[in-house]
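Structure record follows, encoded as structure tokens.
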Amino acid sequence: MLMQKELINQLKDIGLNSYESKLWLALLTKGVAAAGELSDVAGVPRSRSYDVLESLEKKGFIIMKIGKPIKYIAVQPEHVIDKVRKKLIEDVKLQEDFLNKVEQSPLIDELKIIYKSGIRDIDPLDLTASIKGRKNLYHVLERIIKNAEKSVIITTTTSGLMRKKDVLKSALKKAKEKKLKIRIAAHITNEVRPQLEELASLAELRHTSTPARFCVVDGKEVVLMPLDDEITNPAADVGIWVRSKFFAATFEKMFEAAWAAMKQA
């Protein structure tokens, strides 16, 4: 049996190593087979076959047939996927429960104190970083907005606004609950206007025809996105994060001047 490398690599994504993938694929073609036969078909050393088959059995990919010689039965792929899905959901739930406990424990308060005491003496230039990839950009934006204490300013494009209303919804809700001043300026077209009702309940929206992409939080942090998101691949998008009151104040003043002339959305 010729094993397709691409298929074996894909099976790694559902938790199988190379030997496990090869033996399971071999068993799928046979339906029922003994370890030695599977070893020969899959090209897996016989000395490893029993351990690997035992691992597949524990993971629910195969069943050991009663009798002698010992043979194995392949489990239907759709049943395997269902089992893997349930296992992933269970694992995620366990991890989420663990993180919730850590978040509510004294450990977080201690770590915050250590962080704040260490960051006071850092040069602002050391708190300047580049962010690569739109997904990472939104992680940073979500974090600084959730940590905001006074205000959030966002200037974005039409498509950027449509993404942010979904991706940053949780962070903006938290900021709204803390009664922060949240303002968003974007090119708001008639096509997207009906989809902004929920966002309008969280922030004050105004229309601008000036293309710009930046976020200012509390007048001390700025995330600047210099590329045109209409023509930039999301994976190639970049941002510059700066924690500097001087730098942030410049962008805040620019925004305030433009905001006064913008039409309410």
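Values in this text are rule-based calculations from the coordinates and carry no lab data. Model, not experiment: these values are computed from the prediction. Note that we place each Cβ from the backbone using ideal geometry, even for glycine, and neighbour counts take in every protein chain shown.
Candidate cross-link partners of LYS71 among the aspartates and glutamates, defined by an alpha-carbon separation under 13 Å and a same-chain spacing of 8 or more, comprise GLU37, GLU54, GLU57. Considering only DSSP beta bridges where both residues belong to the chain, give the percentage that are antiparallel (nearest 5). So the antiparallel bridges in the chain amount to around 70 percent.
Only Cα pairs under 8 Å and 6+ residues apart enter the sum, and on that basis the relative contact order of region 126-264 stands at 33 percent.
In this structure, the amide hydrogen of LYS150, modeled 1.01 Å from its nitrogen in the peptide plane, lies closer than 5 angstrom to those of ASP218, counting only residues at least 5 positions away or on a different chain. The tail of the calculated P(r) for region 126-264, taken as Cα-Cα distances beyond 26 Å, holds 14 percent of the pairs. A simple count of charges around ALA236, restricted to other residues whose Cβ falls under 15 Å of its Cβ and scoring Lys, Arg +1 and Asp, Glu -1, yields 0. Report the FRET efficiency, 1/(1 + (r/R0)^6), for LYS178 and LYS5, where r is their Cβ-Cβ distance and R0 is 45 Å, rounded to 0.05. Efficiency computed from Cβ-Cβ geometry: 0.30. Shown in residue order for region 45-60 are the 3J(HN,Hα) couplings computed by the Karplus curve 6.51 cos²θ - 1.76 cosθ + 1.60 at θ = phi - 60°: x, 4, 5, 9, 4, 5, 5, 5, 5, 5, 5, 5, 5, 5, 7, x Hz (x for Gly and Pro).
Between LYS263 and ALA129, the C-beta separation translates, for a Förster distance of 30 Å, into a calculated FRET efficiency of about 0.30. I need to check one value: relative contact order of region 5-76, counting alpha carbon pairs closer than 8 Å and at least 6 residues apart, in percent. Result for region 5-76 is 30 percent. Working from Cα pairs under 8 Å separated by at least six residues, relative contact order for the chain is 15 percent.
The stretch between SER170 and THR189 holds 4.4 nm of extra length on full extension. This uses 0.36 nm per residue minus the Cα-Cα distance.
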